[in-house]
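Down below is the structure, laid out as structure tokens.
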Amino acid sequence: MNEKFYRTPDGQSGIFFTLFGAFVTWQSLGYPLGKLSQMGPGMFPLGLGSLLVIVGLIVTFNAIRSSQEEAEPFEWRSAVIITVAIIASGLLLLTAGLFVSIPVLVLISSLAGRKNRIASVILSAIGLTLMAWLIFLVGLDMRIPLFWN
Amino acid sequence: MDLFSNLLIGFETSLQPANLLYCFIGVVVGTAIGVLPGLGPLATISMLLPLTYSLDPVAALIMLSGIYYGAQYGGSTTAILVNLPGEASSVVTAIDGHKMANAGRAGAALAIAALASVFAGTISTFFVAGFSPLLAKVALSFGPAEYFSLMVVGLVAAVILAHGSLMKAIGMVLVGLVIGSVGIDNNSGAYRFTFGSLELSTGIEFVSVAMGLFAFADIIANVGDKTSNAPIIHKISRLWPSRQDFRDATPAAARGTVLGSILGILPGGGAALASFSAYTLEKKVSRHPERFGNGAVEGVAGPEAANNAAAQTSFIPMLTLGIPSNGTMALMMGAMMIHNIAPGPQVITQQPVLFWGLITSMFVGNVMLVLLNLPLVGIWVKLISIPYRFLYPAILMFCVIGLYSIQNQTFEIMTAAVFGLVGYLFMRMKCEPAPLLLGFILGPMLESNLKRAMLLAKGDATTFFTRPVSAIMLLIALGLLLTVVLPQFRKKREEVFAEDA
């Protein structure tokens, strides 16, 4: 019996599968189910959702019985910084242009590294922006604004 | 001979200067990205996929398969030189290859790996060419019930061969199937799981899923690592292996080719399984098993031949049945669908130029790999020593622009960012993401075949058991599941994956 099963990788995945499965089941009940000979849009997801709940419960149950070690600590810093960097550059790509979006991507994501020096970060921001321009705009003829209008 | 006239059509296509050039670019770029520590074929292909959008389908596929072989070979180079295998299939190569490098024989190990790969690649090209039309002919007689059961077999096999817990792998396939059902339902036109988003109504883009799970998640996991210094790389002095090396390696490469070709076709099989099995086989047949783990040439030649052969033959089920047998093939199939080609038995007859061009380009790509890699190995070594802090912003840049280029909109960038976070969570929960990708790709087909089979059978679910071919396949799926549940097999499976720590 492992009382801290919710801290182990298996326990967490079991809980995730169960909850996700329950959500899918609940959602698919809102779609027409149809008959077996004429399945509606809800039938297939309903099956998947219920199977996921069963699988999730089995995984959780096994995790409670086993003595797996706790999962590694969640890297909040890296996860937040990298995700924000990607979303920011996505938001800026068409509004502020390539020459803003890529430097922003490089600058924000560099905060996640531990040993970055400012000079080398600026250098790689300039280098990667030029590379993106040469490969994708000049080379592959993609349509992305360079700057805001 | 039918086979030779078909191969002739193929070579007419693959030897065209433009296609040779795309194959060349694919192999070079694939190797260049593949040698970077930590980037396996899945991440490499999803990152470079956008480069092929503007090409015509034949050229795009030729370039993509070049990228695939290049990435795989690049992974072996890194495994040998710095003991940092980028993917499961080069884990085995690292065992003896890196020991050889430690003993000052890095050059010989690299050359043996390259020669074994091209040897296996050449033979398995003919295997693919001979076997695919047969399988396609059989597949043409399949109805929806057979297809449904076949996909079930594929998914079950993928689950069994996934690393770690069986139940978790089943869960990941189910999650993939759910994600694949997002968007408008083909039959009824109902919106499913779109939550009012217009962009989600056409479904989630598979490149977003792949890049998020394989590229972004990996960066999140590794970027904060305090120990990520530049790896120590061995000097390469003499490239050419000795006579004794050749004598040891040739039979191992031959065995690896046969084993890899067979394992590649099986659903769920592929490069990783093939190289593990080939290593075990070599150890068993060797008169000096104690040499393994201490720099045995056979331990490099066998697995390298096997993983290359399997990489090629795993195209067979994808091209002829439309059923990818592993994550990489799921990605290749997604790439084909972007170019409006639906893989399946009709491809051979309807697009012979594409089909045979692709198969012969496998051979061309392998020859290029050797011609290119041995002289260029110095450049690859320089690439390996690029510090991670320069690498990951470049990967992010390629991914962001690549994601935009799919539909010329930024929505895909946002979904990929979400899948990056989700993928990182899966990593922490020790859930392998490849079965999810497979479920995602197969989901819509699985559902529509299920619906059609049930419609034809007027709602009678026994149709899957009364149609003989379908029943046999479901029995195979059941048998596969039983092998895992039964204790003696279960132990064997854990042994095989225990080496891949």
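Give region B:436-460 a look and list any residue that's surrounded by fewer than 20 Cβ atoms within 10 Å (Cβ to Cβ) and out of contact with any helix residue (DSSP H, G or I) (no Cβ under 7 Å at 6 or more places or on another chain), or say none. Outline the logic, then answer.
First, pick out the residues of region B:436-460 that are surrounded by fewer than 20 Cβ atoms within 10 Å (Cβ to Cβ): B:444-445, B:448, B:452, B:455-460.
Across region B:436-460, the qualifying residues are B:SER448, B:LEU455, B:LYS458, B:GLY459, B:ASP460.
Scan region B:350-385 for residues that are outside any helix (DSSP H, G or I) and at pLDDT below 85 and jot them down.
Narrowing region B:350-385 to residues outside any helix (DSSP H, G or I): B:351, B:385.
Within region B:350-385, B:SER385 is the sole residue that qualifies.
Can you tell me which residue in region B:180-200 is farthest from B:GLY334 (Cα to Cα), limited to those that are under 32 Å from the mean Cα position of the chain (by Cα) and hydroxyl-bearing (Ser, Thr, Tyr)? Before the answer, list the steps.
Residues of region B:180-200 that are under 32 Å from the mean Cα position of the chain (by Cα), as a first pass: B:180-187, B:192-194, B:199-200.
Now restrict to residues that are hydroxyl-bearing (Ser, Thr, Tyr): B:181, B:194.
Working: B:SER181: 15, B:THR194: 21 Å.
Looking at the filtered set, the residue picked out is B:THR194.
Any residue in region B:423-437 that's more than 9 Å from chain A (Cβ to nearest Cβ): show its pairings with residues that are in a loop (DSSP other than H, G, I, E, B) at Cβ separation under 7 Å, as long as the two are six or more apart or on different chains.
B:GLY423/B:PRO433; B:GLU432/B:ALA162; B:GLU432/B:HIS163; B:GLU432/B:GLY164; B:ALA434/B:ALA162; B:ALA434/B:ASN326; B:PRO435/B:ALA162
Would you please list the contacts, defined by Cβ atoms under 9 Å and residues six or more apart or on different chains, that run from a residue in region A:93-110 that is facing chain B (nearest Cβ under 8 Å) and under 10 Å from B:MET397 (Cα atoms) to a residue that is outside any helix (DSSP H, G or I) and of a type in the set (Val, Ile, Thr)?
The qualifying pairs are A:SER101/A:ILE144.
Give region A:1-34 a look and list any residue that's among the aromatic types (Phe, Trp, Tyr) and within 9 Å of chain B (Cβ to nearest Cβ), or say none.
Here is the first cut: in region A:1-34, the ones among the aromatic types (Phe, Trp, Tyr) are A:5-6, A:16-17, A:20, A:23, A:26, A:31.
Correct list: A:PHE16, A:PHE17, A:PHE20, A:TYR31.
Conditions: (1) at pLDDT 85 or above; (2) within 24 Å of B:GLY40 (Cα to Cα); (3) within 13 Å of chain A (Cβ to nearest Cβ). B:ALA210 meets all but one. Number of the miss?
(3)
Suppose we filter region B:1-51 for residues that are more than 18 Å from the chain's Cα centre (by Cα), of a type in the set (S, T, N, Q) and assigned to a helix (DSSP H, G or I); how many remain?
So the count comes out to 5.
Anything in region A:68-90 that is at the interface with chain B (Cβ under 7 Å from one of its Cβ atoms), of a type outside the set (Asp, Glu) and either in contact with a Pro (Cβ under 7 Å, 6 or more places away or on another chain) or free of Cβ contacts under 8 Å to residues at least 12 places away in the same chain (or both)? List them, or say none.
Within region A:68-90, A:ALA71, A:PHE74, A:ALA79, A:THR83, A:ILE87, A:GLY90 qualify.
Anything in region A:124-143 that is within 10 Å of chain B (Cβ to nearest Cβ) and either in contact with a strand residue (DSSP E or B) (Cβ under 9 Å, 6 or more places away or on another chain) or over 16 Å from B:ILE395 (Cα atoms) (or both)? List them, or say none.
A:LEU137, A:GLY139, A:LEU140, A:ASP141, A:MET142, A:ARG143
The values are calculated or read from the model by the stated rules, or taken from the named source; none is laboratory data. Since we're looking at a predicted model, the values are computed, not measured. Reconstructed Cβ throughout: ideal geometry from the backbone, glycine too, with neighbour counts over all protein chains shown.
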